[in-house]
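Inspection log for the structure reproduced underneath, given as structure tokens.
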Amino acid sequence: MKIVKVAPFDRYHFDDIHLSSIDKLFIKPKHERPTFNRSMFDEDFARIFRSTSQRSCNLFCIESNDDELTQRLLGNIKTSNEFHDINETIRELIEEIARSVIWFGKVYYSLNELPEEEKIYIAPFSAIGVFSFFKAYLQLVPRRREKYRDDEERPRELRILDKAKLMRFTIPKSIRRKLSEQNRTLAVLDKHQYDGTGLSPQATHENPNPRNDFDFLIWRDTQERALYRATRETGWNGRKSDSSKCSDFFVCHRLIRFRRNQLILRDHILEQLGNEFTRVGRQYNTEFHVVISPTNELTKIAELDDLEARLSREEVSFSKVLDFCYER
């Protein structure tokens, strides 16, 4: 096994290689696929910015003591849509980080340099095989064939990553606890989602219309109740906003709770962005610091707290609550 100090490696597919017992200590050969409800929740929860009209607004306040360096760092982030506007780049970056940390719990980005072009850029890389040891970050890269080169098998590598160029983002502990508890129940519900269909008696030649005493309405109601109990802490409604069994008051309180959890995640990522950009930027300016915060165009947690208090006092209509949560 080669031990090298180089940039992170992210150009292989685990399905195309055979992992040894050593590799499997650090790498899972296959990712767990998201189940039905889990997939819906992850998609909804990561959609932090609701209104598309906000794209023309100034959503973030950037305070720095070196505007030129800040522009170099924030203006060269590789996101899925490759936005050029910093405001929109940060918006897209937050949602990309949110999607990853909701599923994996953490996500890594690295600062890359192109000396011949005198440029720097920041790009994500897979957290698979990455682990820390005595404050050092290492990446295990198994034996693989690199088809883009000569299809020759490469040896296993233990890459020592440059911590000064590494950016690490995690999910808040309070959110992680809620998701852990919720996902256990969602996994069980998804596993047994269609079990009720197997309880219908089979028609036979002697009895072509067998009597079925199984009540599917009770089965569905039981599953729905379990879903709402599992998602109580996060406030997710399971995309059942039109359920006749839920009062408007119930729906509004749930929506406020769900939105508050999203904003907790948003603000946590923004704080980490400022800290991580400050840390990597100090390679170029030892006094560098940057802080990224939401402007008044974005909803604040305090506004949701006030909205919830007014709802409890019956001082705001249900339609106002829905408009506030969905349009901001």
Label Phe133 and Asp221 with points 7 Å out from Cα along Cα→Cβ: what is the distance between them in nm?
5.8
Cα-based reach from Lys191 at 18 Å (exclusive), listing aspartates and glutamates while leaving out same-chain residues under 8 positions away
Glu32, Asp42, Glu181, Asp221, Glu224
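To the nearest µm²/s, what D does Stokes-Einstein give for region 195-328 at 4 °C and 1.567 mPa s, using the Kirkwood radius over alpha carbon pairs as Rh?
On the way: Rh = 19.1 Å.
The estimated diffusion coefficient comes to 68 µm²/s.
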Once phi for every residue in region 302-312 is put through the Karplus expression 6.51 cos²θ - 1.76 cosθ + 1.60 (θ = phi - 60°), the whole-Hz ³J(HN,Hα) values, with Gly and Pro written as x, are 4, 5, 5, 4, 5, 4, 5, 5, 5, 5, 5
Mean residue ellipticity (222 nm) of the chain, computed from DSSP H runs ≥ 4 via -39,500 (n - 2.57), nearest 500
-13000 deg cm²/dmol
Expressed as an acute angle from 0 to 90° and rounded to the nearest 10, what is the orientation of the C-alpha long axis of helix 173-191 relative to the principal long axis of the chain?
50
On the formula 1/(1 + (r/R0)^6), with r taken between the Cβ atoms of Arg232 and Asn65 and R0 of 30 Å, the FRET efficiency rounded to 0.05 is 0.10
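Can you run the Rg to Rh ratio on the chain? Use alpha carbon positions and the Kirkwood inverse-distance Rh.
With Rh from the inverse mean 1/r over Cα pairs, Rg/Rh is 1.05.
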Which lysines, if any, have their Cα less than 28 Å from the Cα of Lys320, not counting same-chain residues under 8 positions apart?
Lys178, Lys240, Lys245, Lys300
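Using a Förster distance of 30 Å, how high is the FRET efficiency between Glu327 and Asp85, based on the Cβ-Cβ distance and rounded to 0.05?
Once the sixth-power term is evaluated, E becomes 0.85.
Quick one: dipole size for the chain, taken about the Cα centre, charges +1 on Lys/Arg Cβ and -1 on Asp/Glu Cβ, in debye to the nearest 20.
Values: 55 positive and 53 negative charges, 255 e Å.
Result for the chain is approximately 1220 debye, rounded to the nearest 20.
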Using the basic label-point model (7 angstrom from Cα toward the beta carbon), what is the Glu181 to Lys163 distance in nanometres?
3.4
Pairing the Cα long axis of helix 248-281 with the longest principal axis of the chain, what angle in degrees results, from 0 to 90 and rounded to the nearest 10?
10
Signed unit charges on C-beta, dipole axis of the chain, positive-most listed residue Asn207, Gln283, Ile256
Asn207
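Counting other Cβ atoms within 10 Å of each Cβ, which GluC sites (Glu not before Pro) in region 57-129 have at most 12 and sit in a DSSP loop?
Values: sites: Glu63, Glu68, Glu82, Glu88, Glu92, Glu95, Glu96, Glu113, Glu116, Glu117, Glu118; in loops: Glu82, Glu116, Glu117, Glu118.
Sites meeting the loop and neighbour criteria: Glu82, Glu116, Glu117, Glu118.
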Once the dipole of the chain is set up from charges on Cβ (+1 Lys and Arg, -1 Asp and Glu), the residue from the list Met1, Thr89, Val316 lying farthest towards its positive end is Met1
Mind listing the long-range amide H neighbours of Val290? Cut-off is under 5 Å, sequence gap 5 or more, other chains count too, H placed in the peptide plane at 1.01 Å from N.
Thr278
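Taken together, the values in this text are just the output of simple stated rules run on the coordinates, not laboratory data. Owing to the predicted nature of the structure, the values given are computational and were not obtained by experimental measurement. Every residue, glycine among them, receives a Cβ derived from its backbone with ideal geometry; neighbour counts consider all protein chains shown.
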